[in-house]
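The values are calculated or read from the model by the stated rules, or taken from the named source; none is laboratory data. All of these numbers come straight from a predicted model, not from anything done at the bench. Using ideal geometry, Cβ is built from the backbone for each residue, glycine included, and neighbour counts are taken over all protein chains shown. Surface accessibility is based on the protein's heavy atoms, side chains included, excluding ligands, DNA and RNA. Shrake-Rupley method; radii C 1.70, N 1.55, O 1.52, S 1.80 Å.
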Amino acid sequence: MTDTPTLRLRLFLARARRLPAWSVIVAGTLAGCLSGGAYGLFTSTTYTATSYVVAVPTAQSTPESARGFAQAYGRVATQLAVLGDAQVWAGVPVRTLQDSVRTATSPDAPMVAVSATSSRPDLAVDMANAVSRALTRHADAARSSTQVRLVQFSRAVKPSRPTSASPALTALVGASAGGLLGGLALLARPRRTGGDDAPAPAASVPPYLEQALGFTPGHRERLRERMLD
C-alpha cells in the first residue's frame, strides 16, 4: 500500500525544485515581514522616562572626586538599598524597579541618568523620579565621609511617544532579515551540473577493434544493444 504522506511530500519537493531561484528570496522576505509585523503588533507598547542627578563637590572635595562618586552612585542606584526606599514613592514592588530601571553615567561629567521603562507613561515617570529621590537621600546620608552631595538636576517628564518599535518598523526589519536568509539559503543549496540532466553516451566499439575482429554492420549493432542492456 502506498504511503500517502510520503508521496505527498515527494510531490511537494519535486514541485519546489521546479520553482525559479528568486522565489526563495521572495518567500523569505514575505515570511520575515509577516513575522516582524506580528511581533510588533502583539508586543506591548513601552514608554521611557529619564531623570538626572548631578554630583556636586563640597569645599573639601574636588571636581575629579565628584566625577568618581557619580560613577559609583550610578552603580548603586539599582541596588536593593536604594530601590527599597524608592518603592514607597513609586508604588511598585522592588522586583518591578529592578526590571524597569537603568542608569547611565559619563566619564566627562558628574551626572547620573536614571531611566525607567513601563507600559504606562505616568508610571515610568514615577519610577524614575522615585529612584532619583532615594539616591540623593542616600548620598546626603554619606556626605560627611564622601564630601560629595547629589542634587537633582532634572525631573523626569511624561514621554509623549513610545520608545518601543512600531509594527511597521518591525515588519521592515523582519522582511530584511527574511530576504537575507533566503539569499543565503539560495547560495548554500547544491547546484546542478550540466551532466546530471544530459543523457548517458551510447557505448561504442573502437574502429580498429572492429577491423581486427572482422565485425560486420549487423554485428556492430547487436554488440551495441548488448552493451547498452
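May I ask which residue of 182, 171, 138 lies farthest towards the positive end of the charge dipole of the range 131-189, with charges of +1 (Lys, Arg) and -1 (Asp, Glu) on Cβ and the Cα centre as origin?
138
Keeping the other protein chains in place, figure out the carbon and sulfur percent of the accessible area of the range 94-150, with a 1.4 Å probe. Show your work: numbers first, answer last.
On the way: 1150 of 2680 Å².
In the range 94-150, the share of accessible area belonging to carbon and sulfur is 43 percent.
Measuring with a 1.4 Å probe in the full set of protein chains, what accessible area per residue, in whole Å², belongs to the range 48-179? Kindly include the intermediate steps, with their values, before the conclusion.
On the way: 6870 Å² over 132 residues.
The answer is 52 Å² per residue.
Out of the total accessible area of the range 25-93 (probe 1.4 Å, heavy atoms of protein only), what percent is carbon and sulfur?
On the way: 2440 of 3730 Å².
Using a 1.4 Å probe with all protein chains present, the range 25-93 comes out at 65 percent carbon and sulfur.
Can you tell me the FRET efficiency between residue 79 and residue 39 if r is taken as the Cβ-Cβ distance and R0 is 35 Å, rounded to the nearest 0.05? List each step's numbers first, then the result.
Values: r = 33 Å, r/R0 = 0.95.
Efficiency, rounded to the nearest 0.05: 0.60.
Using 0.36 nm per residue, how much length does the chain from residue 184 to residue 30 gain when fully extended, once their Cα-Cα distance is taken away?
Numbers: separation 154, 0.36 × 154 = 55.44 nm, distance 1.55 nm.
Value of the extension gain: 53.9 nm.
With the alpha-carbon atoms as the only input, what is the per residue convex hull volume for the range 27-67 in Å³?
Working: hull volume 4.3 nm³, N = 41.
So the per-residue Cα hull volume is 104 Å³.
Under a plain spin-label model, where a point goes 7 Å from the Cα along Cα-to-Cβ, how far apart in nm are residue 166 and residue 153?
Taking the two extended label points, one gets 3.1 nm.
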